[in-house]
C-alpha cells in the first residue's frame, strides 16, 4: 500500500510540473525549471500520442517532434521543450501542450495536445473593383483548404501591396481580417480590404554629374521609367523599383558604348511631394576612352591583317565594349571574328580580349585566340514535330551529318524551319552539343507545332454584286502519300508539306467563283523543285450600268487552268528561285459592258509566266529583317506578228506582254519596331506598236487591293493593286483609271513605307499594329505616264494572323490628293477618309 501511494505521488508531482507549473504551449516553448528541491529524472520514452488533430496526419506530427520511442528523456528537461518548438515552428498550429499519460516503471508516455490553425474556405476583396480583384486572384493564388498561417497572411498582404505599387500606388494599405465560416468547421473567410490611396507619378527626372550628355538624352535611355507631364500623354509616369534598376543598367550600357567605361550611378533618391515624385540620379561619368593598339595572339589560320580587317576597329576609335563584343562574337549587319572561324568548322574556337594597358585616355587590347580543331557534324536530331514528318524538316536543313560545322548554315537552317509555316517561329530552337574529345558536334533542333490549316467563312459587301459570301479550306501541310490509309483521315492526312486549297465564293445566281489548287514543294522528294496546278471558274451574271440585274441576260464567264514548275537556284545565292508556269483562260462575254470595246464574244488567253525571285525574310508572319524581290514576265504567243492584213480580233486571242517588279525590305529600327519599305512597278504592252493594248490584265489601283468593292476580284482579267486612302476600283470616287467605265492602266508604279510593331507574337493569334505612308498611280497609256504624278496617303492599321483563319486586318487611310471628278459625278464631294478591310492577303 505504501509503494502504491509513493508511485501515485511521483506521477502527481510530474503532471504538476509539466501541465500546471510550466504549461508548454506555443507561447511558452521552453520547459520551466523544476520546482525547488526537484531533481530531473531520467526516463525511457515509451510512447507518443497526439490529441486535438483533425486534419493533420498524426504520424507526420510525431515525426516533426524529433522524439522516438526508446529515447532517454529527462523530466523536467530540455528534450520536451525542443520537441514543442520544432512542431510550433511549422506554423500550422495555434497552440501546443504536452502531458504525461502514464508512467510504467522507468518508461514514460507523453501526449501532445494540439490546436490546429483554421483553414481557408474562401477570400474576398473589398475597396477595389471586380477587374482588379480578378487580377489579384490570379497573382496571389490562395488555395481553398490551405492552413491560414502568419506567413500566408504576410505573403498575401505583400503581394497585394506590390501589385498596386507597380501601378503607381505607393501608399497602398492592406488589412486582412479572418471571419469564421459557419458552414465549415475550423475554417475562415479572409476579408482583404485594400486602400489604394493616391496614384503617384514621376513628374521630374534630374541628373547630377553629367557633362557629356544632356538630361534629355539620358532620359531617353530609360525604357520604363518616364516622366508624366505635358505633352507626354503616352508615358504612365509610374515608378517601379525593379524597372528602375534595369533602366539604370541600360544607362550605364549607353555610357560604356560611348567610351565611358568607368561610368557609374553613384546614388539615386526618390523625393515625394504628395502624389508627385522626383528622381535625382547622381553620376560619375569618368574619362572618355579610345582604342589604341590592338594585337593578336594564338592565331595561326588567319594573319593579323585579315583579323584586323574583319574586326574593323581603327586606332583612335571610341572605346565601346558593345561594339567590341559585336565585332568579336555576333554582328547582325556584317561579319565578325567568331563567324569567320565557326563558318569554317572551328566550333571550339574562343577569343578573349584582354586590356593590357590603360594609359591616359587610351586602351591597348590583346586578342588571345584559341583556334582548336575543325568539328564535323555527327548527329542531327529533331524533336517536337508531332504532326510534320521528319523528312519535311530534314530536307530544309543546311547542316548534314559528316559536314563541317558552319554557324551561318545553322542559323540559315533555323530560318528555313521558321518559314515553313508549320511551327511557332519564335520557338525554333538550335542547340549544338560539342564533343571536344573526338572533334564532333551533335545538333539538336526543337520545334513547337502550330495549327497551319485554315478555314475561311466570311462575308463582304461588293460594289456591284452586293453581299458576297466565301467558304474556303486550306490544308497547308497535307499528305497525299497518307491519303490511301483511311486511318490517317483525322480529319485529313497531314505531315508531308503539300498544300491543297478549295474556295467557293457566291452571291446567289449573280456571282459565283470556284477554285482549286494543289502544290507539291519537293517534286520527287530529292530536290526543292515545286509543282503546282490550279483550276478556276467564275460566273458573273446580269451586269447593268449601275448594278446587277439578272433579268437582262448579260454575263461574264471565265474558265482557267494553270500548271507551274519552280526550282531553287544556287547562283547568285540560294535565296533565289525561278518558276515557270503555263496558264490558259477563256473569257465568254455577252452584253457585258465592263470591258471597253469587248462586250460580246469569246477570248482565249494562253500565257507563259516566268518569275525570278529572292526571299530572305526571317519570319513570314511578322518579319523583322530580310528582303523579298520579284521580277515576273507574262508572255502570250505573238499572234499579230505572224498575221497579215487586219489587226487580230481580240475576241479570238488575247495578246500582250506584261512585266511586274515587286521589292520589299524589312529593317529593325529599335526593339521590336520594324520598318518595311516597298516599291512596285508594272506595265503591259503589245508586240506590234500599231496594235492597241487590249482590255485584259490591266492595272487598277485603289482601296485594299481585293478588287471592286472589296469583293475578292469578282471581275476577272484585271490586276488589282491596293492604294489605301482611296476608294476601291469600280467606284466613281476611285482614281481615274480604276473607274467603272475604264479598262484600267497600262502602266503603274507605287511606293510604300510602313512602321510595324507586334502586340502579340502568339502563334495562335499574331497581332501587330502599323502606320503607313504610300503613293501610287496607274496610267492608261505610256504617253500619259508620269512617275512623279502620284496619289498620296497615310494612315494606321492592324493585322491579325490566326492559324485557323489566316490574315485579317483593317486600315484607316487619309488621302492627300484630290481625285478628278468624272462626268455625272462632278458635284460629289470626295471622301478622303477610307476604312479598308483585308481578308486572306497582304496589301501589295
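The values are calculated or read from the model by the stated rules, or taken from the named source; none is laboratory data. All values derive from a computational prediction rather than experimental measurement. Note: ideal-geometry Cβ built from the backbone for every residue, glycine included; neighbour counts use all protein chains shown.
Looking only at the range 390-405, count how many residues are out of contact with any strand residue (DSSP E or B) (no Cβ under 9 Å at 6 or more places or on another chain) and surrounded by 15 or more Cβ atoms within 10 Å (Cβ to Cβ). Full working, then the answer.
Kept after step one, since they are out of contact with any strand residue (DSSP E or B) (no Cβ under 9 Å at 6 or more places or on another chain), are these residues of the range 390-405: 391, 395-396, 398.
Within this subset, residues satisfying the condition of being surrounded by 15 or more Cβ atoms within 10 Å (Cβ to Cβ) are 395-396, 398.
Residues that pass the stated criteria total 3.
Considering each of 84, 48, 62 in turn, give the residue that is surrounded by 18 or more Cβ atoms within 10 Å (Cβ to Cβ) and at pLDDT 85 or above.
Unique residue meeting the criteria: 48.
Please list, ordered by first then second residue, the pairs with beta carbon atoms under 7 Å, 6 or more apart or interchain, first in the range 56-68 and on the phi > 0 side of the Ramachandran plot, second surrounded by fewer than 18 Cβ atoms within 10 Å (Cβ to Cβ) and part of a helix (DSSP H, G or I).
66/82; 66/86
For the range 156-179, state whether one or more residues are at pLDDT below 85 and in contact with a strand residue (DSSP E or B) (Cβ under 6 Å, 6 or more places away or on another chain).
no
Could you tell me whether the range 72-88 includes any residue that is over 30 Å from residue 185 (Cα atoms), assigned to a loop (DSSP other than H, G, I, E, B), touching a helix residue (DSSP H, G or I) at 6+ places or on another chain (Cβ under 8 Å) and not assigned by TED's automatic domain parsing to the domain that holds residue 184?
Among the residues of the range 72-88, at least one is over 30 Å from residue 185 (Cα atoms), assigned to a loop (DSSP other than H, G, I, E, B), touching a helix residue (DSSP H, G or I) at 6+ places or on another chain (Cβ under 8 Å) and not assigned by TED's automatic domain parsing to the domain that holds residue 184, which makes the answer yes.
How about the range 731-742: which of its residues are part of a loop (DSSP other than H, G, I, E, B) and buried (at least 24 other Cβ atoms within 10 Å of the Cβ)?
734, 735, listed by residue number.
From the list 117, 107, pick out the single residue that is within 26 Å of residue 88 (Cα to Cα), free of Cβ contacts under 8 Å to residues at least 60 places away in the same chain and more than 31 Å from the chain's Cα centre (by Cα). I'd like the intermediate steps shown before the answer.
Details: 107 fails: free of Cβ contacts under 8 Å to residues at least 60 places away in the same chain.
The unique qualifying residue is 117.
Residue by residue, here is whether (1) in contact with a helix residue (DSSP H, G or I) (Cβ under 6 Å, 6 or more places away or on another chain); (2) at pLDDT below 80; (3) closer than 24 Å to residue 635 by Cα; (4) surrounded by 13 or more Cβ atoms within 10 Å (Cβ to Cβ) holds:
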{"position": "557", "(1), (2), (3), (4)": "no, no, yes, yes"}
{"position": "563", "(1), (2), (3), (4)": "no, no, yes, yes"}
{"position": "566", "(1), (2), (3), (4)": "no, no, yes, yes"}
{"position": "573", "(1), (2), (3), (4)": "no, no, no, no"}
{"position": "581", "(1), (2), (3), (4)": "no, no, yes, yes"}
{"position": "586", "(1), (2), (3), (4)": "no, no, yes, yes"}
{"position": "591", "(1), (2), (3), (4)": "no, yes, no, yes"}
{"position": "605", "(1), (2), (3), (4)": "no, no, yes, yes"}
{"position": "610", "(1), (2), (3), (4)": "no, no, yes, yes"}
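Given the range 125-226, what strands (runs of 3 or more DSSP E) lie entirely inside it while holding 3 or more residues that are over 36 Å from the mean Cα position of the chain (by Cα) and closer than 25 Å to residue 56 by Cβ? Explain how you work it out, then say what you get.
Numbers: elements: 173-180, 187-195, 201-208.
So the answer is 173-180, 187-195.
On the given criteria, is residue 785 outside any strand (DSSP E or B), surrounded by 17 or more Cβ atoms within 10 Å (Cβ to Cβ) and at pLDDT 90 or above?
yes
Residues that are more than 39 Å from the chain's Cα centre (by Cα) and surrounded by 13 or more Cβ atoms within 10 Å (Cβ to Cβ): list the strands (runs of 3 or more DSSP E) wholly contained in the range 263-374 that include at least 1 such residues.
Here the list reads 290-297, 350-359, 362-370.
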